[in-house]
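Below is one structure, written out as structure tokens; the observations come after it.
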Ligand SMILES: [Zn+2]
Ligand SMILES: [Zn+2]
């Protein structure tokens, strides 16, 4: 029970942060001069998106708590892994989840039926704000959880158990990256990380509705030739 509750608290804290960041962007005009797209947000954008975002938050709380409760014996709660184990478990989780996201996201765009009935909802946001990473059709939201699940299964197959800390840090990293990718604000230091998917990278996907299907990284877009370059060359 303790592991499931702590994991849920990590997720809840990220959701609270996403609300705070969205308030800063929408109402406090935080870094307005760094907006990637010059147009203003519609006044009712926040109240319009909140019902679906709230439903998805509820879904992830239920899914995270129930699955971590059922599978709690597979996780090591006490102690921190050695740095080698931490890095390998983190990278396995990270790369498998990222590959799944690319495959799923590109499929949504390649198959008109999936775009029309599922992914179109997320693209209502042509100029996204931080909470928009959860403004997706609930089915897309649930399918997105397959990536982390596959990452955890792969770690279990190699190690038998997974430390809680790589999981929690990955949950934090994944949420922070998604809120930044949807912030609508130009990337700062992340533009120098070469392979990380920046806010410019994903914002361009929203404004052009094609290319840049990767989330955390640009790796899969570079390998499969689906990257759109223009925004990365834009002047900051
Ligand atoms: Zn898309
Ligand atoms: Zn998006």
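The values are calculated or read from the model by the stated rules, or taken from the named source; none is laboratory data. Here the structure is a predicted model, which means the values were calculated and not measured. Reconstructed Cβ throughout: ideal geometry from the backbone, glycine too, with neighbour counts over all protein chains shown.
Looking at (1) loosely packed, with under 15 Cβ neighbours inside 10 Å; (2) modelled with pLDDT under 90; (3) within 16 Å of ligand 2 (Cβ to nearest atom), which is the one condition that is false for residue 161?
Condition not satisfied by residue 161: (3).
Based on what the data block shows, is residue 56 part of a helix (DSSP H, G or I), out of contact with any strand residue (DSSP E or B) (no Cβ under 7 Å at 6 or more places or on another chain) and surrounded by 14 or more Cβ atoms within 10 Å (Cβ to Cβ)?
In short, yes.
Let me spell it out: the conditions are (1) more than 28 Å from residue 7 (Cα to Cα); (2) within 13 Å of ligand 2 (Cβ to nearest atom); (3) in contact (Cβ under 8 Å) with a residue 12 or more places away in the chain, and residue 186 meets all of them except one. Which number is the exception?
(2)
Considering 68, 94, which residue is surrounded by 16 or more Cβ atoms within 10 Å (Cβ to Cβ) and within 15 Å of residue 145 (Cβ to Cβ)?
Checking each option against the conditions leaves just 68.
How about region 192-220: which of its residues are assigned to a helix (DSSP H, G or I) and either touching a strand residue (DSSP E or B) at 6+ places or on another chain (Cβ under 8 Å) or modelled with pLDDT of 80 or more (or both)?
Across region 192-220, the qualifying residues are 199, 200, 201, 202, 203, 204, 205, 206, 207, 208, 219, 220.
Looking at (1) over 20 Å from residue 129 (Cα atoms); (2) in contact with a strand residue (DSSP E or B) (Cβ under 9 Å, 6 or more places away or on another chain), which one does residue 70 not meet, given that it meets all the others?
(2)
Sort out for me the helices (runs of 4 or more DSSP H) sitting completely within region 129-191 that have 3 or more residues that are touching a helix residue (DSSP H, G or I) at 6+ places or on another chain (Cβ under 9 Å) and more than 16 Å from ligand 1 (Cβ to nearest atom).
Answer list for region 129-191: 146-159, 164-181.
Determine, yes or no, whether residue 81 is within 16 Å of ligand 2 (Cβ to nearest atom), crowded, with 18+ Cβ neighbours inside 10 Å and assigned to a loop (DSSP other than H, G, I, E, B).
no
Quick test for you: out of 104, 92, pick the one residue that is within 16 Å of ligand 1 (Cβ to nearest atom) and either closer than 30 Å to residue 211 by Cβ or in contact (Cβ under 8 Å) with a residue 12 or more places away in the chain (or both).
Residue meeting the stated conditions: 104.
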